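Here is the structure we will look at.
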Amino acid sequence: MDWWLALGALAVGIVVGLTGMGGGALMTPMLVLFFGINPLTAVSSDLVAAAVMKPVGSVVHLRRGTVNLKLVGWLCVGSVPAAFCGVLVLKSFGDAAQVQDGVKIALGAALLLSAALLMVRAYLRLVERARTRDGRGEPLPQERPDVAVRPIPTLLLGALGGLIVGMTSVGSGSLIIIGLMLLYPGLKASQLVGTDLVQAVPLVASAAIGHALFGDLDLGVTLPLIVGGVPGAYIGARLSAQLPGGIVRRALAFVLLASALKMFGLSNELTGILLLAVLLIAPVVWMAIRRRHGFPALASVEIRQVREQRRREEQEREQRDAGSGGP
């Protein structure tokens, strides 16, 4: 077994556990860019490994009751057949060279979309925090909401996500969860994650079966992914309560963008220029967005303000207890 590959899968698993993002957006580019595995084999092996790993987390969410099974059902109606068809779309590209080129282009597009959706997700969370903090909107529900399922949009979201996952292995943990946030803004974060994770089990299984039959599965690649990915995801989940998730997600978006540019075949020089431009411009834009919604430009300032506010509230509570004759 390739232990370097298992170590890479361990690193990807940790990031997945930290961010909650699907591993395909990182695992497949790692296999292609760092280990020189051809794109179709990378997609096939990653999907089969994911089909083994996905049910573990879904059982936890089912036990906690953070899964909307109606949404899962409608998503699967669209995603399961679409994921299988995604493999057939790849085969329709023609000879082996055309298939590999087609997979690289599709993977690059999916990575670019995933990086953009990470930023969309961060913006939506910022807006939610702003409206609950300053009263510009109704407070977010604190109890599990009984949302009205919208069958057709949900089915179409599942079909689009399934097709992309079947072709690239990317999307089950990024594209679909963003779509759920837009379609059902009343869902709590725990229900979004739980619903997305459970629907991903049959989705990834369908794509994995398709790739096992028609793709280019390599068990020598798949086994190290499972051996490294499972403990990595567990470690990342344990660390997620201690590390700032926002910083990790921004770094992840940057890595996804860099991987996407290389998948499109851009030169190192042009890739470096574009990434440098993003590093210079993106923080300024994000600080402006934060200020527009009533937050300090820097998150560190906000964290310091929150800590000071909590300390003042604690002091006031102690003073009230002392004034009321408490011990």
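Readers should treat all values here as calculations from the given coordinates under stated rules, not as data from a laboratory. Everything quoted here is computed from the prediction, not taken from an experiment. A quick note on method: Cβ atoms are made from the backbone with ideal geometry, for glycine too, and the neighbour counts reach across all protein chains shown.
Here the 3J(HN,Hα) profile of the range 296-310, calculated from phi with Karplus coefficients 6.51, -1.76 and 1.60 at θ = phi - 60°, is x, 4, 9, 5, 4, 5, 4, 4, 5, 5, 5, 5, 5, 4, 5 Hz, Gly and Pro shown as x.
Determine, for each peptide in 63-74, 103-114, the mean count of other beta carbons within 10 angstrom over its residues, then list the peptides with the highest first.
Working: 63-74: 17.3, 103-114: 22.5.
Answer by packing, highest mean first, reads 103-114, 63-74.
Estimated from the Cβ-Cβ distance and a Förster radius of 45 angstrom, the FRET efficiency linking Ser300 and Ile152 is about 0.55.
Can you tell me the order of 82-92, 37-47, 288-298 when each peptide is scored by its average per-residue count of other Cβ atoms within 10 angstrom, highest first? Before the final figure, lay out each step's value.
Numbers: 82-92: 20.3, 37-47: 26.9, 288-298: 13.9.
The peptides rank, most packed first, as 37-47, 82-92, 288-298.
In this structure, the residue pairs whose Cα-Cα separation is over 26 Å, taken from Lys104/Lys188; Lys70/Lys188; Lys70/Lys91; Lys54/Lys104, are Lys104/Lys188; Lys70/Lys91. Across the range 197-203, rounded Karplus estimates of 3J(HN,Hα) from the backbone phi angles (6.51 cos²θ - 1.76 cosθ + 1.60, θ = phi - 60°) give 5, 5, 5, 6, 5, x, 4 Hz, Gly and Pro being marked x. Gyration tensor analysis over the Cα atoms of the range 276-320 returns equivalent ellipsoid semi-axes of 34, 10, 4 Å (largest first, whole Å). How much net charge surrounds Ser58 when only the other residues with a Cβ under 12 Å from the Cβ of Ser58 are counted, with Lys and Arg +1 and Asp and Glu -1? Spelling it out: positives minus negatives among the neighbours equals +2.
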